[in-house]
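The values are calculated or read from the model by the stated rules, or taken from the named source; none is laboratory data. Since the structure is predicted, the reported quantities are computational estimates derived from the model, not experimental observations. Protein only, heavy atoms only, side chains kept; ligands, DNA and RNA dropped before computing areas. Shrake-Rupley method; radii C 1.70, N 1.55, O 1.52, S 1.80 Å.
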Amino acid sequence: MPGSRRYADPASFLLIEQAWAPQRVEFCSLVGKPADGVDALAKADNELHTALGDLEALLAKGAAGEIRLTDDGALIIPPLTAEDIPADDVPRTERRDAAPLAAGLGAGGGRRPDRVHRPPGARRGPT
């Protein structure tokens with residue numbers, strides 16, 4: 001397709017070095033990452049080792065219903081439980097009772113055949 005960038009070099013989507021340099025510090029502060037690559041890698045390495053330590057502690061417990069390893073080494077991660085949100089905290093647009101069906105409309109939103117409005121004497125369909 002003309003103008004398609006589907007097979008373009010991914011680097012062509014990036015800012016050039018001269019355009020990125022002035023924006024780097026601001027961007028990194030917005031996303032909470034170090035601007036220096038060496039510092040960013042060290043921070044990521046620390047985060048990884050902390051997360052792995054937490055996982056090892058969970059696996060050591062091995063309680064049913066929690067993250068655990070089976071005897072053959074398969075990792076079991078149970079489904080997350082849903083958080084109960086009080087009805088008062090749910091925005092009105094997300095509640096089912098926010099928009100009751102209007103009179104004359106069916107469940108699918110179309111007109112109901114028993115509520116078709118025609119002038120008296122008018123027929124349905126071509127004459």
For a quick check: with amide H placed at 1.01 Å from N, whose amide H comes under 5 Å from Arg68's, ignoring anything fewer than 5 positions away on the same chain?
Ile76
Distribution output for the stretch 10-54: share of Cα-Cα pairs per 10 Å bin in percent, first bin at 0, values 24, 38, 27, 10, 0
Could you work out what % of the accessible surface of the stretch 1-48 is carbon and sulfur, using a 1.4 angstrom probe and leaving DNA, RNA and ligands out of the count?
63 percent
Hull volume in cubic angstrom per residue (convex hull over the Cα atoms of the stretch 1-83):
251 Å³
Extension reserve of the Leu41-Ala11 stretch, reckoned as 0.36 nm per residue once the Cα distance is removed:
8.7 nm
